[in-house]
Amino acid sequence: MEFLSDTVVLSRLQFAVTAIFHMLWPVLTTGMGIYLVIVEGLWLKTRNPDYYYHARFWSKLYVLNFGIGVATGVPMEFQFGTNWASFSEAVGNFFGSILGFEASMAFMLEAAFLGIMVFGWQRVHPIMHYVATILVAFGANLSTFWILAANSWMQTPAGGEFVDGKFIVSDYFQAIFNPFMVNSVLHMFFGTLETSLFVIGGISAWYILNKRHSAFFAKALKIVLAVAIAVAPLQIYIGHLSGEQVYRHQPSKLAAMEAQWETIPAGVAADWSLLAFPNETVEENDWEIKVPNALGYILEFKKELPEPVLGLKEWKPEDRPHLLGLIYYSFRIMIAIGFFFAGLMLVSVLQWLRGKLSPENITQQRLLLFAWMFAAPLGYIAVESGWIVRCVGRQPWTVYGQIRTVDAVSNVPASNVLTSLLSFIGVYTLLFCAALFFGSRIIRRGPNFNLPLPSSETQAGVNTKPGQFIPDERPLETQQ
């Protein structure tokens with residue numbers, strides 16, 4: 001139990017706990033926001049009430065996730081001052097401003113129009129309401145952009161240099177658009193959208209299996225499937241590009257992802273490790289299953305790579321990632337889920353083309369519907385696994401190649417960090433239980449088909465007539 005007296009370990013654990021828990025909520029809001037834009041757009045175009053009721057129903061889950069995401073995101077950012085003050089002091093010139101952009105530009109935009117999106121159906125013109133929905137979705141995804149820009153800079157710092165231990169920005173655009181940024185933003189964008197699609201599809205499948213509003217939720221499943229046709233394969237391709245950039249810029253992380261101990265020279269066909277048990281003590285894998293000549297195709301669609309694949313032994317133990325089993329299997333879990341989503345999408349499309357997803361036939365596709373329900377939580381697991389690979393694989397660096405994690409932590413007693421860690425675990429457990437309770441209640445109640453449809457004009461029930469001026473008739477000495 002020595003780690004209980006280690007400030008670095010406890011601070012890393014606290015940030016991991018808060019980040020992993022926080023990530024559960026914006027993952028759904030960023031993707032579901034796009035879905036709400038789609039169904040509300042279909043409502044405006046077709047005036048089919050089903051699309052309106054879809055927008056009203058799914059927005060309830062959106063608001064629930066938004067609220068918990070805000071409550072858990074703010075404490076996470078405060079840790080940069082409480083637990084990682086040395087890091088903040090060194091890189092605050094750039095990192096602090098990027099987090100400020102996320103709060104002032106993205107979060108405030110989303111928060112400003114959320115009220116109109118939720119409560120404005122009978123109070124504003126439908127076009128104005130649709131604009132509010134678009135801006136909420138845009139704000140949620142803009143937040144993802146700024147967070148990924150900041151984290152990508154930690155992976156591949158650019159746009160300045162460290163002078164006397166502090167990062168001095170010389171080119172903000174180069175720092176923001178660092179080598180990792182574009183693929184990272186795209187990978188997270190498609191990851192959140194794909195997760196949201198399969199959550200919506202899984203919940204819809206549950207309703208259909210229980211024969212509740214089958215035709216209504218069959219329509220939701222088809223919308224999800226139509227978007228997933230593009231998203232699922234694109235996510236796999238963007239994932240490939242992300243792996244290629246790790247190969248180029250973070251060779252030690254790639255070695256950890258593949259449990260590769262020995263260097264593979266350039267021009268030599270490299271096997272891909274499918275399953276293995278890394279042993280850091282003896283610096284080799286206790287057992288391993290390999291796919292011959294596959295690593296080159298995975299990284300660059302080539303049998304032989306032009307650059308060597310460096311093994312972990314190229315670095316001293318203190319300079320290489322640890323927790324290899326966690327990194328290695330998190331990477332494979334993410335890949336497996338991505339291909340499962342693509343396969344489920346393909347099978348579902350084939351059934352759709354065969355007419356098996358019509359309102360009359362869809363209830364008979366029990367195995368397919370169970371697969372969609374099974375897929376609902378998998379996107380969360382894939383996103384969390386990807387972040388584990390991204391951040392644990394970056395160790396022992398906070399800023400890759402520049403600031404070590406042991407030098408980035410605040411100088412605070414380990415007992416203080418342990419206290420806050422246990423407090424976070426307690427509060428977040430309560431929040432998680434509350435989210436499950438209210439989320440399940442929303443789903444059990446289902447959509448409300450008694451809601452009035454909005455008209456094309458502002459409703460008469462909202463008084464927009466200016467009030468009549470009534471002069472003050474009291475004596476002058478009593479008027480204030």
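The values are calculated or read from the model by the stated rules, or taken from the named source; none is laboratory data. Nothing here was measured: the structure is a model prediction, and the numbers come from that model. Cβ placement follows ideal geometry from the backbone for every residue including glycine, while neighbour counts extend to all protein chains displayed. Just so you know, the surface numbers come from the protein's heavy atoms only, side chains and all, with ligands and any DNA or RNA stripped out. Shrake-Rupley method; radii C 1.70, N 1.55, O 1.52, S 1.80 Å.
Annotations for the structure displayed:
- Low-density loop cleavage sites - trypsin sites (Lys or Arg not before Pro) in segment 304-368, where at most 11 other Cβ are within 10 Å (DSSP): R354
- Spatially proximal lysines relative to K222 (Cα-Cα < 16 Å; intrachain offsets below 8 disregarded): K356
- Euclidean distance of C-alpha centroids, segment 1-50 and segment 357-416, integer Å: 10
- Exposed chymotrypsin sites (Phe, Trp or Tyr not before Pro) absent - longest run of the chain, DSSP non-H/G/I/E/B, at most 10 other C-beta within 10 Å: 1-300
- Temperature 10 °C, viscosity 1.306 mPa s: under these conditions the Stokes-Einstein estimate for segment 77-231, based on its Kirkwood radius over C-alpha pairs, is 87 µm² per second.
- Over all pairs of different C-alpha atoms, segment 97-170 has a mean inverse distance whose reciprocal, the Kirkwood radius, equals 14.1 Å.
- Identified option (computed volume of the Cα convex hull per residue in Å³; candidates (i) 196; (ii) 145; (iii) 217): (iii)
- Only protein heavy atoms count here; on that basis, with a 1.4 Å probe, V392 has an accessible area of about 30 Å².
- Close amide-amide hydrogen proximity is noted between L275 and I289, each under 5 Å apart and 5 or more residues distant or on a separate chain (H modeled in the peptide plane; Pro and chain starts excluded).
- Carbon/sulfur fraction of accessible area - the chain, other protein chains in place, 1.4 Å, %: 65
- Reachable aspartates and glutamates, given that their alpha-carbon falls under 18 Å from the alpha-carbon of K60 and they are not under 8 places away in the same chain: E40, D50, E110
- Summary of the geometry: segment 54-73 and segment 97-123, compared by the centres of their Cα atoms, lie 13 Å apart.
- Gap separating the Cα centres of segment 193-244 and segment 132-170, nearest whole Å: 29
- Alpha-carbon gyration tensor eigenvalues x 5, square-rooted, for segment 133-173, Å: 29, 10, 7
- Calculated mean residue ellipticity, 222 nm, the chain: -22000 deg cm²/dmol, from DSSP H runs (n ≥ 4) at -39500 (n - 2.57) each, averaged per residue and rounded to 500.
- Diagonalising the gyration tensor over the Cα atoms of segment 1-73 and scaling each eigenvalue by 5 before taking the square root yields semi-axes of 41, 9, 7 Å, largest first.
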